[in-house]
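Okay, structure first, notes after.
Laboratory data are not the source of any read-out in this text; all were calculated from the coordinates shown. Please read all numbers here as calculations on a predicted model, not as lab measurements. Glycine gets a Cβ as well: all are built from the backbone with ideal geometry, and neighbour counts include every protein chain shown.
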Amino acid sequence: MVLAGLANSRCGRTSYKPVSGATVDQPYRTIIEPFKIHSVEPIRVTTRAQREEALSAVGYNLFGLRAEDVLIDLLTDSGTGAMSAEQWAGIQRGNEAYAGAPSYFRFVDAVRNLFPFEHVLPVHQGRAAERVLFAAIGEKGLVIPNNTHFDTTRANIEYSGAEALDLPIPEGLQPSLRHPFKGNMDVVALEALLEERGADVPLVMVTVTNNSGGGQPVSMENLHSVRGVCDRYGKPLFLDACRFAENAWLVKMREPGYEETPVADIVREMASLADGMTMSAKKDPLANIGGWLALNDDELAERCRNFEILTEGYPTYGGLAGRDLEAIAQGLTECVDEDYLRYRIRSIAYLGEALESGGVPVVVPFGGHAVFLDARGLLSHLSPMEYPGQVLACALYEEGGVRSCEIGTVMFGRDASGTEQPARMDLVRLAIPRRTYTQSHIDYVIEVVTRVAARATSLRGFEITSQPAQLRHFTARFAKK
Ligand code: F0G
């Protein structure tokens, strides 16, 4: 039963090269989950009245809800995936020595197998890698370009005094426009920035996939071009690589010349173009916690290590337990498995295609990890300053207990000086936790979203009643206008 609906969907190819290297025929159109369920976690059904009350009590901020009051939790794909039996076995193997634990070396070997950087510093999650890196290199007057900074990356850069600059390609800002690599960086704009303010740019970042830009992949061609520009101006290139495996799979599916390249080799090619990376192991590496900062520069690594000791821990555990390092090491082998990636990316498109054919405006083409609803398009009767993304996300919860996340004017509508302005897009992200929900859960989500979309024009705008100075989307409170 599970994923049977995929039988009617376009799966891209019927013959593929598995990790073992041999090409096999795949005569079936149904792409099944390449795992069976090993332990289950009950979810609780609530009434609309209960949900309305719960949401009003937390000021219409979905982060404020108790997870038990959520039926299908698509708030994030971060740390919410199901671990494998082998990952749980790794948890048992975890060695908790303060310094030099074998779990650390297994972790470093697994990271360097895909990303062979000289220095690998474990940290407790992605934003800690950002904090350590930008504490070492960020300062007032500097500017750090990226295709699109994730919110924590932007916040850590701004906290250091530097400026975070987004340089997506123009196609990446048009939700309904089809382009295979809407995550690409605008290389011409990057070159212009380096020409004008080269001395102020300590490094260039590229986020794969581009989460805030709609989970869209970056092409290898684009990464090579960015590398070329960095070389011309003598700048290091860092990847924010949270979703590297999904990006590599989309390269394999969409970029000419990579059809037969194993995903792990595409990842290694990405790594070969960079000088370092920040990473959250809560995404593609299939762990519930963890991350790392990796880089080649010895002197910068030394400064980062010293800072890491101050805030994260000794550099062979970096704020993680040995067992967490084991779970990440094992997850890194599983996330580049091509059967897993085929199912993963196909199941995202399954959701997206159903919504698109139901007339819901969505970001196309479908990328990795999430389907993004175009709330500004669907709720065109609201101005961006009435937070259409937040309104839509709350309506999905009230309707069917589905929790999603606004990625729009609430998250990005205020600059470092506190000035309010509409974000470039108002999206609602339905992020799909890895290996967690079945097709019937997703079919339910499709029903909920299409029901809300049918009465979208009746939804009222929001105003903010309280908000913190930074990262306001986590704790701001709202009222219906
Ligand atoms: N970079 C990207 C592209 C991210 O998506 C995230 C987290 C981070 C950095 C920070 O990593 O959470 O481990 O500190 N994204 C999550 C999300 C929170 O829901 O998209 P972290």
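Data overview
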quantity	calculated
Lysines whose Cα lies under 21 Å from that of LYS252, excluding same-chain neighbours fewer than 8 positions away	LYS17, LYS182, LYS283
Ranked packing of 358-366, 394-402, most packed first, by mean Cβ within 10 Å	394-402, 358-366
Sequence-separation-based contact order of the stretch 85-334, relative, with Cα cut under 8 Å and 6+ spacing, percent	32
Dipole-positive endmost among LEU173, VAL402, TYR233 within the chain (Cβ charges, Cα centre)	VAL402
Cβ crowding within 10 Å averaged over residues, with 423-429, 334-340, 115-121 ranked highest first	423-429, 334-340, 115-121
Qualifying aspartates and glutamates (Cα of each under 18 Å from Cα of LYS140; at least 8 residues distant if same chain)	GLU130, GLU158, GLU163, ASP166, GLU196, ASP200, ASP415
Total charge dipole magnitude, the chain, about the Cα centre, Cβ charges on Lys, Arg, Asp, Glu only, Debye to nearest 20	1160
For the stretch 74-181, size of Cβ-based charge dipole, Lys and Arg +1, Asp and Glu -1, in debye	160
Assigned charges on the beta-carbon of Lys, Arg, Asp, Glu; the stretch 85-334 dipole about Cα centre (debye)	460
Selected from LEU190, GLN92, ALA49, residue furthest toward positive end of dipole (the chain; charges at beta carbon)	ALA49
Along principal axes, Cα extents of the chain, largest first, whole Å	58, 55, 45
Among ILE309, VAL143, THR80 - extreme Cα towards positive end, dipole of the chain, charges at beta-carbon	THR80
